[in-house]
């Protein structure tokens, strides 16, 4: 069974497409990608993007949106890993393999210029849905039975977080964040994360996302409204670095917590990170 990747560069509500210059899909518009060699799907996507349009990406910039199992009528099978990204370095350009980049709107994709089956799944992937799919094709690439969508078999890079506590241990030496902050909600979220097998963070107005074992000194800080944008920028960089695609915020509807919630919302939206807000009981 052969394995391939395809990666789409997203900018605002647009996607970068270009025409194949060679191979069985010559003249057809598509994202960038190719056959997985002795490498991971992510490494393949990064290599193909660099070779085909000249831009550079990191693994943490990629978001897997689909795994499509293609079944050909003659018995051949292909796995297609579908990635999107909103973060890269450089400008997409024409190459020996792909033509001039075009930026159509996602809600107005040029399906008449794309491969026959693309109208069945591409917009679904670019619109943020995650899925597995079974696609049945003839050798000429036309569909001979309808596509079947299923829940994704791959997991998003998911994390939990909660707001730090104003009450802290006053030890002068550095302490792990989980020990520095004193709050029952922190213990509760740690238990949830342990039960779900997920990484978790504390949200600090100074440090942004803090791993529970990160050593920090004692400090006193309250996030002011005019500092929300700066904190959001810091958290956005951290989300990108950690490769987080879904974030679960455990929070309370308390005035002191609202600036932190606003910063997290501002951080996640531009990245397309799916944010879930869970209300905690206001018991302390």
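Please find, in a Gaussian network model of the chain (springs between Cα atoms separated by less than 10 Å), the residue of 171, 132, 119 whose mean-square fluctuation is greatest.
Looking only at 171, 132, 119, the largest GNM fluctuation is found for 171.
Which angle between 0 and 90 degrees, to the nearest 10, do you get for helix 41-53 versus the longest principal axis of the chain when only C-alpha atoms count?
With rounding to tens, the tilt is 60 degrees.
Take the Cα pairs of the range 183-252, get the Kirkwood Rh, then feed it into Stokes-Einstein at 20 °C and 1.002 mPa s and tell me D in µm²/s.
160
Principal axes first, then extents: for the Cα atoms of the range 158-279, list largest minus smallest coordinate on each axis, whole Å, largest first.
Rounded to whole Å, the extents work out to 39, 36, 28 Å.
Could you please state, rounded to a whole Å, how far the C-alpha centre of the range 130-189 is from the C-alpha centre of the range 218-278?
Here the answer is 15 Å between Cα centres.
For the range 1-53, I need the span (max minus min coordinate) of the C-alpha atoms along each principal axis, in Å, sorted largest to smallest.
Here the Cα extents, ordered largest to smallest, are 32, 26, 19 Å.
Tell me, what is a quarter of the convex hull surface for the C-alpha atoms of the range 20-78, in nm² with one decimal?
Its average projected convex-hull area is 5.2 nm².
Given a cut-off of under 8 Å on Cα pairs at least six residues apart, what relative contact order in percent is computed for the range 158-279? Please report the intermediate quantities before stating the final value.
Values: 200 pairs, mean separation 36.1, N = 122.
Value for the range 158-279: 30 percent.
What is the helix-to-structure angle for 228-242, meaning the angle in degrees between its Cα long axis and the longest Cα principal axis of the chain, kept from 0 to 90 and rounded to the nearest 10?
50
By its C-alpha gyration tensor, with a ≥ b ≥ c as the square roots of the eigenvalues, how is the range 108-182 shaped: rounded for a/c under 1.5, else prolate for a/b larger than b/c, else oblate?
Prolate, since a/c reaches 1.5 and a/b exceeds b/c.
Please list the equivalent ellipsoid semi-axes of the range 50-136, computed as the square roots of five times the alpha-carbon gyration tensor eigenvalues, in descending order and whole angstrom.
With the √(5λ) rule applied to the range 50-136, the semi-axes are 24, 16, 15 Å.
If the elastic network links every pair of Cα atoms under 10 Å, which of 222, 130, 58 fluctuates the most in the Gaussian network model of the chain?
The residue that fluctuates most here is 222.
Counting other beta carbons within 10 Å of each Cβ, put 258, 114 in order, fewest first.
The fewest-first ordering by Cβ neighbours comes to 258, 114.
Angle check, please: helix 184-196 long axis (alpha carbons) against the longest principal axis of the chain (alpha carbons), in degrees 0 to 90, nearest 10.
Helix 184-196 sits roughly 30 degrees off the main axis of the chain.
Please report the base-10 log of the normalised intensity I(q)/I(0) for the range 2-150, using a Debye sum with one equal scatterer per alpha carbon and no solvent, at each q in 0.17 (1/Å).
The Cα Debye sum returns log10 ratios of -0.97.
Starting from 0 in steps of 10 Å, tell me what percent of the Cα-Cα pairs of the chain lands in each bin.
6, 25, 28, 19, 14, 7, 1, 0
Taking springs between alpha-carbon atoms closer than 10 angstrom, which of 252, 129, 274 fluctuates most in the Gaussian network model of the chain?
Maximum fluctuation in the GNM of the chain, among the listed residues, is at 129.
Please report the relative contact order for the chain, taking Cα pairs under 8 Å with a sequence separation of at least 6, and give it as a percent rounded to a whole number.
Working: 562 pairs, mean separation 43.0, N = 284.
Value for the chain: 15 percent.
Each reported figure results from applying straightforward, stated rules to the coordinates on display, with no laboratory input. This structure is a prediction, so every number in the text was calculated from the model and none was measured. Methodologically, a virtual Cβ is constructed for each residue, glycine included, from the backbone with ideal geometry; neighbour enumeration extends over all protein chains shown.
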